[in-house]
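Have a look at the structure below before the remarks.
The values are calculated or read from the model by the stated rules, or taken from the named source; none is laboratory data. Source: prediction; values computed, not measured. No Cβ is skipped: glycine too gets one built from the backbone with ideal geometry, and neighbour counts run over all protein chains shown.
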Amino acid sequence: MSTILEVKNLAKIYEIGYIRKRQIVAVDKVSFSVKKGEIISLVGESGSGKTTTARMILRLIKPTSGVIKFMGRDIWRDLRGGSDLRWYWRNVNGVFQDPFSSFNPTHRIRDFMYRAFNLFNEKLDRDTKERLVREALQMVGLIPDEVLNRRPFELSGGMRQRVMIARIFLIRPMLVIADEPTSMIDATLRLGILRLFSKLREEIGTTIMFITHDMGLAYYISDRIMVMYRGKIIEEGTPDEIVNNPKHEYTRNLLDSIPKLYTSWFK
Amino acid sequence: MPKINPFIVFILKRLGIMVLSFFVASTIMFLLPRIIPGNPLAVKVYQILQQSASNPEMIKSVEKMLMDYFKLDRPLYEQYFDFLINLLHGDLGKSITYFPRTVNEIVAMYLPWTLALLVPAIIASWIVGNYVGVIAAMNRGKAVDKVLLPLLAALQGTPAYVFGMYLVLLAVATKWFPASGAYSPTAIPSLSWSFIVDYLHHYILPFLSIFLTSLGGWGLSMRNIAIQELSMDYMDYARVIGISPRKTQSYLFRLSALPQIVGLAIVLGWSVAGSIITEIIFAYPGIGTALWSAIQAQDYMLIQGYFVILIGTILLANFISEIIFAVVDPRVRYAYAGE
Amino acid sequence: MSILTDLFRIPKFVAGLAIFLTIVALGLVGPLIYRVSPTDIVGPRYTPPSPSHPLGIDALGRDVLAQLLYGIRGSLLVGAVAAGIALGLSLFLGTIAAVFGGLVDKVIMVISEVFIIIPSLLLMMVLAAYLSPGARNIWLVGFVIGITSWGGWARGFRSRTMSILQSEFIKMAILSGASRVSIILRDIVPIISPYILASFAMLFTSAITAEVGLTIVGVGMTKDITLGLILYIAQLYANITQGIWWTVVPPTLVMILIYLSLYLVAISLDEYFSPKLGTA
Ligand SMILES: Nc1ncnc2c1ncn2[C@@H]1O[C@H](COP(=O)(O)OP(=O)(O)OP(=O)(O)O)[C@@H](O)[C@H]1O
Ligand SMILES: [Mg+2]
């Protein structure tokens, strides 16, 4: 399997305070790589720097130092101009945690989906676009006619999260960064959303980087797990390696806190 | 890189903005008449020469003064340079209508009257407005507030001069108060008892119109600030440990007065410009009325002088209020001290 | 359209809009119905209101009602021109500053600060000292008021835009390849549209007030009839101190009504939308 994403010594330091500056090291010299086709999880407690890492990979915030390479190109140095960026986001895109605030309240679902066509190089006519959008919505189990003309606040959290994943089915990127996509929706709907990620990999061959604070969840879906603690990646391995032979104290604590029930309700 | 005290950086930044604003304003003032097609400044100077003075000797001296001051025969950049130098030296030239008196002398003659009217009226409205605002905030949503809020909004929305007009109409109809001037036409300004009584009698209406209209703004902003303070935890705490409402009220007044002090500095700076019309309505012999006559007489030198004075006070008030804010606000002060 | 029906259930909004539209109708249709020329001399000066001249006759022998109707029209036009210019500038510069950030932001903020500090009165004073009186028409006065009153609003638009830019949906838009212009036009503007409307209302009334102020001081309108010009003439001929109320009360009353009605509209828009959209 070939490496598609390579992260080296990635760091992000926030300066806060207007007059008296204080520094927060959100991400502390992190290095890892992602192989084509795998599902890799980034697990860590709240505030450990997961979202910051994801946002830097998605090219939404600028790293303080370090290198992110996608397909051999340094995304902060080699991408210049609009068309390079569109190429990048066509290939690397994301699903966010909060299904409420990820939608502009004044837009219809159709507007939300159509916007992704910005990333397409090919010129599509209106009918093709409509067909592609509808297909993508059907992929995630939504009925296009029921959602396309609705506004986000007319849909439930679970439906909105499905729409976000439908957007990924539309874009068909090589790599998806999913930042806690199930943590803010009802527990009974989580499994359905998780299945959609498996479907994404099976049907399109998407590589998935899955971010969660939930070790049980990571164990269930991943090929590989990285444990993040206070901005550093402290452990990395297959789910079984991590669970059976945790090297780090912190990982052991994480494992202890997994409810015993977990395995049963997943199956 | 050496670390500079952020408080000094802050002051320098504000100072920079002030200088820049003054520079922009005076450049506009310099450039506009000279770039409008046909160079109206030259035309104007010529007109003034023909109209303003009657005896030929005076025409000569006015002409000489204008030529010396404007140097219209020189290149533009030289004129500009000279213009800035004059401003920085406080040399605003001589009035045309009051020739040969300088603009500075004339301003000095009218300014005390304006200040005597404005400062007491604005400070009184500041004090009363703050009390009214706290009372409205403490009774938020109750009957008192429901009456006060629209009243304050109406006061704030009505320009002072409209108030002034109605007060003058009222004065004319009832004959309770004199409708114009700062004193009776027969009185001679002095510190005698009878003059002071006469002055105060004339003073009441313009005072009221400025006092009432600025009351609205103070009341409303105080109400907003106090409502915010009331929602803070320590106010709940005060209530729980049973501090009397009277005490809470005075405490609240002191807490919320802080940002209002900044507002006071700004308003005082703007007031000279803002009360021009009120003065005109009452024919009150201050800067505003003087400006009005200068505009009617097209005394360009005086107009330019007032322009510089007004913009100067506004800029200075802005600057001072920023500094007060930084010095007085404990949060900002702590942040500086902690460096 | 449910937003409109909702708004029409707020008494403040309905009252404000009704008063304002009545005044607009007076200015637009009034002169067509009451067909008296505002510049003709129709009788002896200072004739008090009577059935043939419902608001009496002014210092120059002209019909005050005709003056008032044309004055409303003129003042509304000044308000529209000035508010249009100020809103355009403040919305454009405020959103651009927030979205582009960096040097663009710094420059725009300094310029806006300078324009907040320089009042339109001073600019008008310079213009008035030079321009021939005939040149000071609605467009010029509206323009000067417009370009001197955008500063504070630009800061308002900037800070609202900044808080919206923090939203997740903006990041989603960026991930969908949306350009900065598209983010301003399709994400920011629709969300702050109630605030835009409210600020237009406030700019409109303050422009009308500013015109009156400038004209009374003697540096404003000279060419077209506005509320300010009516009051200027009244002041020039000392109508107020003579107790001639009919040239003073009607135009000031209209001014106050315009302010109150638009204030009501603006605060009901703000109260209606602010909690709804959370971000606003
Ligand atoms: N814009 C910011 N400014 C300052 N500090 C920030 C900012 N964003 C994040 N941080 C800080 O950086 C650290 C890492 O935050 P991050 O959001 O990446 O953590 P996380 O692992 O995603 O946590 P969570 O599980 O709560 O989402 C935290 O301490 C956070 O407070
Ligand atoms: Mg996070």
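Here are the numbers for the structure shown:
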item: Count - residues of the range A:95-128 that are closer than 20 Å to A:Ile57 by Cα, more than 8 Å from every other protein chain (Cβ to nearest Cβ) and in a helix (DSSP H, G or I); result: 0
item: Top-ranked residue of the range A:210-232 - restricted to ones that are surrounded by fewer than 22 Cβ atoms within 10 Å (Cβ to Cβ) and assigned to a strand (DSSP E or B), ranked as nearest to ligand 2 (Cβ to nearest atom); result: A:Tyr229
item: Boolean, C:Leu77 is in contact with a helix residue (DSSP H, G or I) (Cβ under 7 Å, 6 or more places away or on another chain) and in a helix (DSSP H, G or I); result: yes
item: Subset of the range A:40-67 [more than 8 Å from ligand 1 (Cβ to nearest atom) and out of contact with any helix residue (DSSP H, G or I) (no Cβ under 6 Å at 6 or more places or on another chain)]; result: A:Ile40, A:Met56, A:Ile57, A:Leu58, A:Arg59, A:Lys62, A:Thr64, A:Ser65, A:Gly66, A:Val67
item: Enumerated helices (runs of 4 or more DSSP H) restricted to the range B:236-314, each holding at least 3 residues that are assigned by TED's automatic domain parsing to the domain that holds B:Val119 and farther than 29 Å from B:Ile324 by Cβ; result: B:276-282, B:287-297
item: Residue among C:Val29, C:Val36, C:Val42, C:Val64 that alone is modelled with pLDDT of 90 or more and surrounded by 13 or more Cβ atoms within 10 Å (Cβ to Cβ); result: C:Val64
item: Among residues of the range C:163-204, those that are more than 8 Å from every other protein chain (Cβ to nearest Cβ) and touching a residue at least 60 places away in the same chain (Cβ under 8 Å), counted; result: 20
item: Positions within the range A:65-89 being part of a helix (DSSP H, G or I) and out of contact with any Phe, Trp or Tyr (no Cβ under 9 Å at 6 or more places or on another chain), in sequence order; result: A:Gly81, A:Gly82, A:Ser83, A:Asp84, A:Leu85, A:Trp87, A:Trp89
item: Every residue from the range A:135-167 that is closer than 12 Å to A:Ile193 by Cβ and part of a helix (DSSP H, G or I); result: A:Gly157, A:Gly158, A:Met159, A:Arg160, A:Gln161, A:Arg162, A:Val163, A:Met164, A:Ile165, A:Ala166
item: Subset of the range A:19-36 (residues that are farther than 19 Å from A:Thr212 by Cβ, within 12 Å of ligand 1 (Cβ to nearest atom) and part of a strand (DSSP E or B)); result: A:Arg22, A:Gln23, A:Ile24, A:Val25, A:Asp28
item: The range A:216-233: number of residues that are in contact (Cβ under 8 Å) with a residue 40 or more places away in the chain and away from ligand 1 (no atom under 16 Å from the Cβ); result: 5
item: Any pair with Cβ under 8 angstrom, 6 or more apart, that starts in the range B:100-112 at a residue that is in a strand (DSSP E or B) and ends at one that is at pLDDT below 85; result: B:Thr102/B:Leu92; B:Thr102/B:Gly93; B:Thr102/B:Lys94; B:Thr102/B:Ser95
item: Some residue of the range A:183-198 being assigned to a strand (DSSP E or B) and β-branched (Val, Ile, Thr); result: no
item: Answer from A:Ile16, A:Ile75, A:Ile4 - the residue that is more than 10 Å from ligand 1 (Cβ to nearest atom), in contact with a Lys or Arg (Cβ under 6 Å, 6 or more places away or on another chain) and free of Cβ contacts under 8 Å to residues at least 24 places away in the same chain; result: A:Ile75
item: Candidate set: the range A:127-141, residues that are aliphatic (A, V, I, L, M) and under 21 Å from the mean Cα position of the chain (by Cα); chosen: the one farthest from A:Leu189 (Cα to Cα); result: A:Val133
item: Unique match (being in contact (Cβ under 8 Å) with a residue 24 or more places away in the chain, of a type in the set (A, V, I, L, M) and within 16 Å of ligand 2 (Cβ to nearest atom)) among A:Val34, A:Val27, A:Val67; result: A:Val27
item: Matching option when the condition is on the phi > 0 side of the Ramachandran plot and either at pLDDT 95 or above or within 14 Å of another protein chain (Cβ to nearest Cβ) (or both), among A:Gly37, A:Gly47, A:Gly17; result: A:Gly17
item: Pair list, Cβ under 7 Å, 6 or more apart: the range A:41-53 residue more than 14 Å from A:Met226 (Cβ to Cβ), other residue within 6 Å of ligand 1 (Cβ to nearest atom) and among the hydroxyl-bearing types (Ser, Thr, Tyr); result: none
item: A:Ile165 vs. criteria more than 16 Å from ligand 2 (Cβ to nearest atom), at pLDDT 85 or above and either hydrophobic (A, V, I, L, M, F, W, C) or touching a helix residue (DSSP H, G or I) at 6+ places or on another chain (Cβ under 6 Å) (or both); result: yes
item: Restricting the range A:201-215 to residues that are in contact with a strand residue (DSSP E or B) (Cβ under 7 Å, 6 or more places away or on another chain) and away from ligand 1 (no atom under 16 Å from the Cβ), the residue that is modelled with the lowest pLDDT; result: A:Arg201
item: Among residues of the range A:170-200, those that are within 16 Å of ligand 1 (Cβ to nearest atom), of a type in the set (A, V, I, L, M) and within 14 Å of chain C (Cβ to nearest Cβ), counted; result: 3
item: Criterion violated by C:Val24 - all others in (1) part of a helix (DSSP H, G or I); (2) buried (at least 18 other Cβ atoms within 10 Å of the Cβ) satisfied; result: (2)
item: Matching residues in the range A:37-64 - criterion: being outside any loop (DSSP other than H, G, I, E, B), touching a Lys or Arg at 6+ places or on another chain (Cβ under 6 Å) and within 13 Å of ligand 2 (Cβ to nearest atom); result: A:Leu42, A:Gly44, A:Thr52
item: Members of the range C:215-237 found to be closer than 22 Å to C:Val126 by Cβ and under 18 Å from the mean Cα position of the chain (by Cα), listed by number; result: C:Thr215, C:Ile216, C:Gly220, C:Met221, C:Asp224, C:Thr226, C:Gly228, C:Leu229
item: Candidate set: the range B:289-302, residues that are farther than 11 Å from B:Ser95 by Cα and in contact with a Gly (Cβ under 9 Å, 6 or more places away or on another chain); chosen: the one nearest to the other protein chains (Cβ to nearest Cβ); result: B:Ile295
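Each row is one residue, and each column tells you yes or no for (1) more than 10 Å from chain B (Cβ to nearest Cβ); (2) buried (at least 24 other Cβ atoms within 10 Å of the Cβ); (3) among the aliphatic types (A, V, I, L, M).
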site	(1), (2), (3)
C:Leu214	no, yes, yes
C:Ile225	yes, no, yes
C:Gly243	no, no, no
C:Pro250	yes, no, no
C:Leu253	no, no, yes
C:Leu257	yes, no, yes
C:Leu260	no, no, yes
C:Tyr263	no, no, no
C:Ile267	no, no, yes
